[in-house]
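The values are calculated or read from the model by the stated rules, or taken from the named source; none is laboratory data. Quick caveat, the model's predicted, so the values are computed rather than measured. For neighbour counting, all protein chains shown are included, and Cβ atoms are generated from backbone atoms with ideal geometry for every residue, glycine included.
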Amino acid sequence: MSSHYKSNKSKSKTKVTMDLNVAENEREKVWLDSAQESINRGMIETARQIYANSVNNLPETDIWHNAIEHEKTYGNSKSQEYIMSKAVNQVPNEPVFWLIYAKFLWDNVIKIFI
């Protein structure tokens, strides 16, 4: 797992807070809005934890897309590879994730050997 992810204690606090008073049919919107608000406030790690908990509890493709974009913007190559590989394993029928991951590998790994 990436070094960008918080301790288990911090993860637990984020997860518990995320589940408070959020109707199940509103979770995706609320969680995506919360992650974006965290980014707007400069709370990059909090946004990362919101995405991590979101993809584990509500693995919608929009959440995965946002989590990948977050790592592409704020993460390092290790955290980007982690989230992309997790996405293709958790949502294997989403071709866009495979293409994003393949491009990442081409840009960051394969070109080294050419």
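Can Asn66 be described as out of contact with any Pro (no Cβ under 6 Å at 6 or more places or on another chain), at pLDDT below 90 and either part of a helix (DSSP H, G or I) or hydroxyl-bearing (Ser, Thr, Tyr) (or both)?
Numbers: out of contact with any Pro (no Cβ under 6 Å at 6 or more places or on another chain): yes; at pLDDT below 90: no; either part of a helix (DSSP H, G or I) or hydroxyl-bearing (Ser, Thr, Tyr) (or both): yes.
The answer is no for Asn66.
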How many residues of segment 35-68 are among the acidic types (Asp, Glu) and surrounded by 14 or more Cβ atoms within 10 Å (Cβ to Cβ)? The answer is 2
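Every residue, every condition in (1) of a type in the set (A, V, I, L, M, F, W, C); (2) touching an Asp or Glu at 6+ places or on another chain (Cβ under 6 Å); (3) outside any helix (DSSP H, G or I), yes or no:
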residue	(1), (2), (3)
Ser54	no, no, no
Pro59	no, no, yes
Asp62	no, no, no
Thr73	no, no, no
Ala87	yes, no, no
Leu99	yes, no, no
Only one of (1) at pLDDT 90 or above; (2) part of a helix (DSSP H, G or I); (3) of a type outside the set (Phe, Trp, Tyr) is not met by Pro92, so which one is it? (2)
Which listed residue, of Lys29, Lys13, is at pLDDT below 50 and assigned to a helix (DSSP H, G or I): Lys13
Cβ pairs under 7 Å, 6+ apart or interchain, first in segment 61-78 and over 18 Å from Asn89 (Cα atoms), second of a type in the set (Gly, Ala, Ser) and in a helix (DSSP H, G or I), ordered by first then second residue, are His70/Ala47
